[in-house]
Amino acid sequence: MAILTMREALNQAMREEMQRDPNVFLLGEEVGHYQGAYKITSGLVQEFGDWRVRDTPIAEEMIAGVAVGAAWVGMRPIAEMMTFNFALLALDMMVNHAAKYRYMSGGQIRCPMVMRGPSGAAAQVAAQHSQSLESYFSHVPGLVVIMPSTPKDAKGLLKAAIRDDNPVVFMENEVLYNIKGEVPDEDYTIPIGLSEVKRTGHHVTIVAWSRMCYQSLLAADILAKEGIECEVVDPRTIRPLDEAPIFESVRKTNHCVIVEEAWPQASVGAYISDRVQRECFDDLDAPVMRVNAPDVPMPYSKVLEKLYVPQPEKIADTVRKVLA
Amino acid sequence: MPKKSSPPPSSGSASGASAPQSSSPAVPSTGAPALDRAEALRLYRQMLLIRRFEERAQQIYVEGKIGGFLHLYIGQEAIACGIMSLLHKDDYFIGAYRDHGYSLARGADPRPLMAELCGKSTGISRGKGGSMHFYDVPNGNFGGDGIVGGHIVVAAGMGYAIRLRGSEQCVVCFFGDGAINEGAFHEALNVASLWDLPVVFVVENNMYGMGTAVERASAVTSLHERGAAYGLIHLPCDGMDIFAVRDTFADAFARARKEKKPTFVEVKTYRYRGHSMSDPGKYRTKEEVEKWQEQDPIARLGVFLLDQKFAQPADLEAIDAEVNLEVDECIRFAEESPWPPAEYMYEDVYVKTPYINWRAVEKDPAWELSLPEDRVPVDFEPFKAPATVKG
């Protein structure tokens with residue numbers, strides 16, 4: 001197994017799928033000659049040319065719309081959003097077009113597209129560039145939403161997303177682009193909608209995805225020194241949500257903490273909390289607790305930003321509370 | 001790096017096709033082939049079918065048999081019929097929610113369309129789309145979009161797919177004058193021109209975006225001129241005259257197929273009815289409506305048929321009688337069709353693929369009942385007018 005960064009793993013996934021299937025193409029702002037704003041698409045335009053790696057004007061609704069239209073007639077586009085903050089300008093395409101036409105046409109249309117790009121807080125880019133908007137997309141029937149936390153998951157899930165015939169929103173995390181991990185050498189996919197237990201333990205279940213899974217594993221290291229064994233479950237796919245491993249874990253540990261980078265109200269964590277309390281009510285020794293960003297926009301100052309993003313110590317504190 | 005480059009020869013089925021250069025000369029304006037008797041009669045019948053179909057739909061809407069919105073195309077029939085008469089079988093089109101005329105002009109069986117209006121299981125979208133959402137994908141019909149302007153960028157995507165494949169298809173994108181103030185319109189026209197996409201954009205300027213007159217919504221009232229901002233070939237066209245429509249669009253399609261150049265056409269037209277059934281049309285005068293009705297596109301084609309001796313007045317009456325019978329049959333079909341069963345609610349949300357862990361969703365009917373294959377509209381026995389009508 002090779003050790004790759006998340007960035008390299010994502011790049012490999014797209015390169016391999018474009019080599020495998022001539023219907024796969026990529027479009028977005030700066031994806032080609034600039035090599036990608038975050039260098040995720042580095043080298044692809046040299047290999048596949050301008051038509052399959054299409055630099056676009058700054059027009060997110062068009063980027064998503066071109067992907068939707070091409071997908072409806074049989075192509076497999078990957079639309080890169082420079083960040084998911086800008087995908088708000090393309091929300092109509094995803095909600096009203098990508099997610100709806102199969103249903104409204106009585107099953108005549110399929111939309112095999114991927115919208116991907118970084119999501120979440122980065123490094124002092126302030127309120128408009130630091131958002132975790134997964135609940136916006138996962139609210140919508142017809143969409144698939146994936147948020148990987150490791151290079152291996154990122155590659156396997158992106159390849160599955162490209163091959164899948166449903167519209168997929170694939171939300172990466174800028175801070176994770178440089179983390180390294182083992183990635184299988186052979187061609188592989190990871191099933192969409194398959195949770196993975198990233199660390200086993202018997203005192204408490206932590207449910208966390210994307211960067212928060214990473215932070216939760218760091219919190220688990222801290223707590224292990226105190227004799228608290230955390231089980232960290234990474235859903236990896238937000239919609240469809242593979243709930244069974246979460247419930248199974250909670251039935252074992254009798255405690256549950258949900259960690260997310262997003263705001264607390266109407267969030268994915270709020271939904272998982274509802275599901276856990278409903279399905280595992282008799283198994284819980286304490287209320288489900290949640291760690292979120294504070295219910296305010298992201299501030300710029302690095303001191304405030306660090307306070308804002310859930311840190312391992314804050315997650316550990318919440319675990320101590322739920323076990324108290 | 002040149003602004004416009006050819007697709008790689010390896011990127012599609014018709015890979016040998018070389019992309020035309022942007023500097024190649026314009027396709028000369030040749031217009032449409034002259035209408036022979038059979039084609040002129042076919043178009044006359046088709047326009048009349050749209051009109052009678054919608055008049056009856058309006059009637060049964062009032063009776064409560066159709067719900068929701070019902071946007072009628074009456075007055076604008078020459079546009080859909082003229083344009084569709086020039087499309088090839090493998091071309092694509094997409095339009096806005098005033099979409100009955102598009103499907104009928106593309107040759108869809110009118111019975112599942114009426115059933116769709118009534119929300120029945122035999123509807124072309126299985127009763128899940130309604131008036132604004134007629135689709136017939138095997139015939140390139142991506143039908144009706146309910147979000148003003150949204151589908152214009154989608155049409156650009158279809159054009160992009162055609163370029164990648166290197167085929168000679170083209171895309172027609174219909175929208176109303178209300179849509180041209182949406183950002184999607186501008187984003188789409190820009191890239192269609194920038195990338196040479198074979199898309200023909202049609203603004204059906206019926207002078208009102210809902211109740212707001214064009215001059216109260218657009219700084220430029222000669223709408224086609226907006227195409228100039230993006231370097232598109234842009235033209236006005238008389239939408240009440242099917243010959244003008246065919247001539248204008250024959251050239252536009254030739255440009256799209258041969259040169260991969262988009263065209264933006266402003267078709268001037270008028271909807272005789274309100275924006276939808278809830279609109280009494282108080283923002284315009286009776287005189288204005290009547291003035292446009294004097295140019296009625298069906299009547300004008302009728303005059304042509306008589307002048308050319310392609311038909312006698314009695315023949316036109318017989319066509320009308322036959323069309324009325326066909327619409328009767330649509331109503332009967334819709335009324336006798338069953339309501340969709342409850343499980344239809346959960347179907348057609350997702351495609352069941354091997355890349356999804358179905359355990360995750362096994363208790364969720366929206367996933368469980370989604371079918372593995374795309375559905376195609378059901379074929380019904382063709383309608384045959386009783387022999388007595390022609391006599």
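Points to keep in mind about this one:
- Checked against the criterion of being assigned to a helix (DSSP H, G or I) and either aliphatic (A, V, I, L, M) or at the interface with chain B (Cβ under 9 Å from one of its Cβ atoms) (or both), the candidates A:63, A:109, A:58 yield just one match: A:63.
- Residues in the range A:112-150 that are within 14 Å of chain B (Cβ to nearest Cβ) and closer than 15 Å to residue A:209 by Cβ were compared, and the one that is surrounded by the most Cβ atoms within 10 Å (Cβ to Cβ) is A:146.
- Within the range A:275-290, not a single residue is of a type in the set (Asp, Glu), at pLDDT 95 or above and in contact with a strand residue (DSSP E or B) (Cβ under 7 Å, 6 or more places away or on another chain).
- Residues (within 14 Å of chain B (Cβ to nearest Cβ) and either touching a residue at least 40 places away in the same chain (Cβ under 8 Å) or on the phi > 0 side of the Ramachandran plot (or both)) located in the range A:244-270: A:244, A:245, A:246
- Single residue of the range B:258-290 satisfying the filter (assigned to a helix (DSSP H, G or I) and in contact with a Phe, Trp or Tyr (Cβ under 9 Å, 6 or more places away or on another chain)) that is surrounded by the fewest Cβ atoms within 10 Å (Cβ to Cβ): B:288
- Only a single item in (1) under 18 Å from the mean Cα position of the chain (by Cα); (2) within 11 Å of chain B (Cβ to nearest Cβ); (3) surrounded by fewer than 24 Cβ atoms within 10 Å (Cβ to Cβ) is not met by residue A:79, and it is number (3).
- Pairs linking a residue in the range B:194-217 that is in the same structural domain as residue B:163 (by TED's automatic domain parsing) and of a type in the set (A, V, I, L, M) to a residue that is part of a strand (DSSP E or B) and loosely packed, with under 15 Cβ neighbours inside 10 Å, with Cβ atoms under 7 Å and 6 or more positions apart or on different chains, are B:207/B:213.
- Screening residue A:125 on (1) part of a loop (DSSP other than H, G, I, E, B); (2) farther than 21 Å from residue A:262 by Cβ shows it passes everything except condition (2).
- The strands (runs of 3 or more DSSP E) found entirely in the range A:158-219 that carry 2 or more residues being touching a residue at least 40 places away in the same chain (Cβ under 8 Å) and under 19 Å from residue A:247 (Cα atoms) are A:196-199, A:204-208.
- Scanning the range B:141-169 for residues being within 9 Å of chain A (Cβ to nearest Cβ) and either in a helix (DSSP H, G or I) or surrounded by fewer than 21 Cβ atoms within 10 Å (Cβ to Cβ) (or both) gives a total of 18.
- Residue count for the range B:225-262 under the criterion of being in contact with a helix residue (DSSP H, G or I) (Cβ under 8 Å, 6 or more places away or on another chain), under 14 Å from residue B:193 (Cβ atoms) and not small (Gly, Ala, Ser): the result is 8.
- Qualifying residues in the range B:173-195 (those that are closer than 12 Å to residue B:157 by Cα and not in a helix (DSSP H, G or I)) - the one nearest to the other protein chains (Cβ to nearest Cβ): B:195
- Put simply, of B:129, B:101, B:119, B:67 the only residue that is at pLDDT 95 or above and farther than 28 Å from residue B:169 by Cβ is B:119.
- Taken over the range B:38-96, the residue count meeting the criterion of being farther than 17 Å from residue B:299 by Cβ, part of a loop (DSSP other than H, G, I, E, B) and not acidic (Asp, Glu) is 14.
- All positions within the range B:124-157 that are small (Gly, Ala, Ser) and in contact (Cβ under 8 Å) with a residue 24 or more places away in the chain: B:127, B:130, B:131, B:140, B:143, B:144, B:146, B:149, B:150, B:155, B:156
- Residues (among the aliphatic types (A, V, I, L, M), away from chain A (no Cβ under 14 Å) and in a strand (DSSP E or B)) located in the range B:196-217: B:200, B:202, B:203, B:213
The values are calculated or read from the model by the stated rules, or taken from the named source; none is laboratory data. Computed from a predicted model, the values in this text were never measured in an experiment. Methodologically, a virtual Cβ is constructed for each residue, glycine included, from the backbone with ideal geometry; neighbour enumeration extends over all protein chains shown.
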